[in-house]
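The block underneath contains the structure these notes are about, expressed in structure tokens.
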Amino acid sequence: MKDYKAFIECKSQASEMAGFDPVFMPEFLFDFQKHLVEWAVRKGRAAIFADCGLGKTPMQLVWAENVVRKTNRPVLVLTPLAVGSQTVREAGKFGIEAHRSLDGELKGKIIVANYERLHKFNPEDFAGVVCDESSILKSFNGATRKLITRFLVKMPYRLLCTATAAPNDYTELGTSSEAIGEISHSDMLKRFFRMLDDKGQKGEAKLQAEAEAIIKSDSNYYQKLAYRVAQTIGQWRLKHHAVIPFWRWVASWARACRLPSDLGFDDGDFKLPKLNQHDHIIEAKTPPDGMLFNCPAFGLGAERDERRRTMEERCGFVADLVKHKRSAVIWCHMNAEGDRLERMIPDAKQIAGRTPDEEKCELYEAFASGSLRVLIIKPKIGAWGLNWQHCNHVVTFATHSYEQYYQSVRRCWRFGQKKPVRLDVVATEGESRIVGNLRRKAEKADKMFTSMIAEMNNATRVVRSEGFNTQTEVPSWLARNVNSKSGTRSIAATASK
């Protein structure tokens, strides 16, 4: 019995623990940043969902410094690979001592490391952990994500920071909830969501289809879409009566803001420049095999085939778009796209998955400093956390992932950008629906933030249940029988009577 309790204890989250009053609040923080840091420090385990350029790096560094001064123990700051050096530079600029570690060595009190190096550290060495760009966690494979969860599970103080928390899938908020010690992802689904069966999914899809003219005009496409959704996605939707309680619960452990005014402060200089978006539909030179003319691509396989078939046209068009002297970043999704673009654009360099980590960091630094004019990269490699306000031209191929699209655009279109930003979205005729899908997801993300901000003042906490610690009362007559040597026989005899 003791061994089982020890096993459960090692798997369970740390016991409920509040934070403390801040002991360090520097003047370089803006008023809304001080408000968020004070709340997070007092909360102890919290999440800050602040938009790109609102200063998550100084906020998380000040939070970490508070934990260090309170506990006199180190704090680990986990970042994507490209963001580690940037975080250390920011710390130096703000007068906070932080050191980057690649081998698990504890250098100072605030240690900055990328997620892939987490296995080199011992959680018992730290009083707190910061997960920068925490929405990236779901991009890792199961083993890495499990390692991160296990590392956090006993940590007294935890902070998650990201700009895009589940922009198009509310259920992903359960990952953040579980990471900071709130209710688990499965408990969240059970409490607030309803899973649609095959019939329910088709019903929901039909309601959406009736509201979308593009689907109304193509009944054949709708039938295929409904079947695809029903077969490949285990859809969950908020229970109709649980919408407000859900957002009040999320607001109990997270704070969100797109502008300082969302928190009741003056926006000041936090105003974005104009974003000039241009959508380009590229005509394929040849139709698909067996077809007389081009038609919309349906399914990921058909979309990949179309991208390969139109590689030359799309890459040639993008190469012409960046024929200027300004900095530009090109976001691609296939290795062949990146390789071809690198050959077509003389002063461009590509960061690919095969690029060694040291070379990746060098190219990031070169582009940030302006010595590299054109950077070609995939969103899943470098779309998180980097500050590229010096660049105001973004080119991206169409993608189904709203989060990758949003993050890639916001590397340049962010608070601190002084010039209007040009965004070119390149798609083929067969991918024209993807652009419309991105707009739909953008509307859904906006609704999510609006709902969360509206309920931040009405937060309601949901207590995590720990049934394995509950003491069960046993009747005296049963306890005597069980404790006696012949307890099993006595219970059996009683039952037989």
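The values are calculated or read from the model by the stated rules, or taken from the named source; none is laboratory data. Only a predicted model underlies this, so the values are computations on that prediction, with no experimental measurement involved. Ideal geometry is used to build each Cβ from the backbone, glycine not excepted, and the neighbour counts take in all protein chains shown. All accessible areas refer to the heavy atoms of the entire protein, side chains included, with ligands and DNA or RNA removed. Shrake-Rupley method; radii C 1.70, N 1.55, O 1.52, S 1.80 Å.
Which residue pairs have Cβ atoms closer than 6 Å, lie 6 or more positions apart in sequence or on different chains, and pair a first residue in segment 84-101 that is of a type in the set (A, V, I, L, M) with a second residue that is open to solvent by 50 Å² or more (accessible area, probe 1.4 Å) and at pLDDT 90 or above?
Val88/Arg100
Considering only residues that are among the small types (Gly, Ala, Ser) and in contact with a strand residue (DSSP E or B) (Cβ under 6 Å, 6 or more places away or on another chain), look in segment 85-112 and name the one that is modelled with the highest pLDDT.
The selected residue is Ala98.
Specify which of the listed residues (Val329, Val250, Val318) is β-branched (Val, Ile, Thr) and either modelled with pLDDT under 90 or open to solvent by 10 Å² or more (accessible area, probe 1.4 Å) (or both).
One residue alone meets the criteria, Val250.
Being open to solvent by less than 20 Å² (accessible area, probe 1.4 Å), in a helix (DSSP H, G or I) and at pLDDT 85 or above is the filter here; which residues of segment 282-315 pass it?
Met311, Arg314, Cys315
I need a count of the residues in segment 34-57 that are of a type outside the set (Gly, Ala, Ser), in contact (Cβ under 8 Å) with a residue 24 or more places away in the chain and open to solvent by 10 Å² or more (accessible area, probe 1.4 Å).
So the count comes out to 8.
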